[in-house]
Amino acid sequence: MKESANRPIFFERNRVFRVYKGGALFNNLFGDVAKDGNYPEEWVASSVKALNRISKGPKEGISKVLNTDIYLDDLIKEYKKEILGPYDDMGILVKVLDSAVRLPVQVHPDKSFSEKYFNSEYGKAEAWIILDTRPGSCIYFGFKEGVTKKDLIAAVEKSTEDKHVMEQLIVKHDVKKGEVYLIPARAVHAIGYGCLILEIQEPTDFTIQPEAWCDDYRLNDYEMYMGLDKEIALSCFDMSICGKDAIELSKVRPEVVSKKNNVTVRSLIDNRKTDCFTVNDISIDSGSTILEQGPAIYFVTEGRGSVSYGKNTDPVKKGDYFLLPYCIKGQCTLSSDENITVIECFKGGMS
């Protein structure tokens, strides 16, 4: 087990059940069968348990180390110093998701709301990187101008009969591959049809989605309100995030922070947007770079190459991912004789 904690950690695939359908776009990313179903999410190097209505057990959502029976949460518990260094936890959850339907109108708590009602130090701010789309793909962000709390409450009640009434309260935006968005805690939003998204978020599964239906699936009260009183749950929505221009609060403009020796690093999410996590895009065109962060999660979005540590070299390609433990940060080399693009994700406040 200790050997797993002292090198780049690769994992078994980890598709997770959700009430919405999707997953066909996983074909081009992971090579999966191009079919939509109720396993539309891949939880990436996850130590977080999924919260589902019918649980498949205490390890649902938690990643298993490749070619072993070792789960990441157990590995961290046994070798916390090697994997996390001075940190208490990973501080992030990374997912890939593909939406074949519009997801319910929803909101996630901030840290203070989570601490008060979920006994958690983490809320659920999240970032979306659009990896691919289907024709007609879109997202929703912000209430329409003039929508009031009274309108929200009325729409929630009507949603049992009208599957579109909640959608009418929020602003729709077309999206395209390569775009990046930050979804702040307490901001109303919904992932629309046709989006393959790499999502980086705080490490919780807290979602308040007070809409009665997700496509043809009827949500129960727990799925809508997370066990909270309805009035308390609806107080999580920040009604001031509204209007067509609200998307400017969300949309991210990547910034090149380094370009040398055929390696380009772009900052996607940093403390300009949030202190919850940091996300970088590393692109290599026939070259190599040292991976300086740890603990960090790396996801290959394009191309192929290799990760080297000591005498070991692991090939990586589009759709592969790994966790780099704290104890080997700055000791691994990512290289490619062709080209490769990797998304680097780590807890906010690390250096």
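Which residue out of K158, K176 is within 23 Å of the chain's Cα centre (by Cα), basic (K, R) and outside the structural domain of N271 (by TED's automatic domain parsing)? Going through K158, K176 in turn, the sole match is K176. Of all residues in the range 124-162, those satisfying the criterion of being in contact with a helix residue (DSSP H, G or I) (Cβ under 7 Å, 6 or more places away or on another chain) and assigned to a loop (DSSP other than H, G, I, E, B) are K144, V147.
Among the conditions (1) out of contact with any Gly (no Cβ under 7 Å at 6 or more places or on another chain); (2) among the small types (G, A, S); (3) surrounded by fewer than 17 Cβ atoms within 10 Å (Cβ to Cβ), S250 misses just one, which is (3). Scanning the range 127-137 for residues that are under 14 Å from K251 (Cβ atoms) and not small (G, A, S), we see that the one that is surrounded by the fewest Cβ atoms within 10 Å (Cβ to Cβ) is I130.
Which of the residues belonging to the range 200-223 are over 22 Å from E115 (Cβ atoms) and surrounded by fewer than 18 Cβ atoms within 10 Å (Cβ to Cβ)? Those that are over 22 Å from E115 (Cβ atoms) and surrounded by fewer than 18 Cβ atoms within 10 Å (Cβ to Cβ): W213, D215, D216, Y217, R218, N220, D221.
When V279, V300, V316, V265 are checked against the criterion of being within 23 Å of the chain's Cα centre (by Cα), under 30 Å from F143 (Cα atoms) and in contact (Cβ under 8 Å) with a residue 12 or more places away in the chain, a single residue qualifies: V279.
Criterion applied to S120, S46, S99, S114 was being farther than 29 Å from D216 by Cβ, buried (at least 18 other Cβ atoms within 10 Å of the Cβ), in contact with a Phe, Trp or Tyr (Cβ under 9 Å, 6 or more places away or on another chain) and among the polar types (S, T, N, Q), and the one residue passing it is S114. Selection of the range 235-261 for residues being of a type in the set (A, V, I, L, M, F, W, C) and either in contact with a Phe, Trp or Tyr (Cβ under 8 Å, 6 or more places away or on another chain) or under 23 Å from Q209 (Cβ atoms) (or both) yields C236, F237, M239, I241, C242, A246, I247, L249, V252. Restricting the range 254-275 to residues that are under 16 Å from E126 (Cα atoms) and either charged (D, E, K, R) or in a helix (DSSP H, G or I) (or both) leaves a set whose member that is modelled with the lowest pLDDT is R272. Take G31 and decide whether it is small (G, A, S), in contact (Cβ under 8 Å) with a residue 24 or more places away in the chain and surrounded by 24 or more Cβ atoms within 10 Å (Cβ to Cβ). The answer is no for G31.
The combined condition, being in a strand (DSSP E or B), touching a Ser or Thr at 6+ places or on another chain (Cβ under 6 Å), closer than 29 Å to I76 by Cα and at pLDDT 95 or above, is fulfilled by T301. Restricting attention to the range 333-348, does a residue exist that is part of a loop (DSSP other than H, G, I, E, B), within 28 Å of Y181 (Cβ to Cβ) and at pLDDT below 95? There is at least one residue in the range 333-348 that is part of a loop (DSSP other than H, G, I, E, B), within 28 Å of Y181 (Cβ to Cβ) and at pLDDT below 95. Starting from residues that are assigned to a strand (DSSP E or B) and under 16 Å from the mean Cα position of the chain (by Cα), keep the ones in the range 4-28 and report whichever is farthest from K95 (Cα to Cα). By that ranking, first place goes to G22.
As a summary of the residue check, Y181 satisfies the conditions (1) under 20 Å from Y225 (Cα atoms); (2) crowded, with 20+ Cβ neighbours inside 10 Å except for the one numbered (1).
Is there a residue being of a type in the set (D, E, K, R), more than 17 Å from the chain's Cα centre (by Cα) and in a loop (DSSP other than H, G, I, E, B) anywhere in the range 73-90? Looking for residues that are of a type in the set (D, E, K, R), more than 17 Å from the chain's Cα centre (by Cα) and in a loop (DSSP other than H, G, I, E, B), one finds at least one in the range 73-90, hence yes. Can you confirm whether V265 is exposed (fewer than 14 other Cβ atoms within 10 Å of the Cβ), among the aliphatic types (A, V, I, L, M) and closer than 28 Å to I183 by Cβ? Answer is no for this residue. The residue that is surrounded by the fewest Cβ atoms within 10 Å (Cβ to Cβ), counting only those in the range 54-91 that are within 21 Å of Y39 (Cα to Cα) and in contact with a Lys or Arg (Cβ under 8 Å, 6 or more places away or on another chain), is P58. Within the span defined as the range 223-234, one or more residues are within 22 Å of I197 (Cβ to Cβ) and part of a helix (DSSP H, G or I). Out of all the residues in the range 58-68, is one or more in contact (Cβ under 8 Å) with a residue 60 or more places away in the chain, closer than 28 Å to V316 by Cβ, in the same structural domain as K172 (by TED's automatic domain parsing) and in contact with a helix residue (DSSP H, G or I) (Cβ under 9 Å, 6 or more places away or on another chain)? Looking for residues that are in contact (Cβ under 8 Å) with a residue 60 or more places away in the chain, closer than 28 Å to V316 by Cβ, in the same structural domain as K172 (by TED's automatic domain parsing) and in contact with a helix residue (DSSP H, G or I) (Cβ under 9 Å, 6 or more places away or on another chain), one finds at least one in the range 58-68, hence yes.
The values are calculated or read from the model by the stated rules, or taken from the named source; none is laboratory data. Since the structure is predicted, the reported quantities are computational estimates derived from the model, not experimental observations. Heads up, the Cβs are rebuilt from the backbone with ideal geometry, glycines too, and the neighbour counts pull from every protein chain shown.
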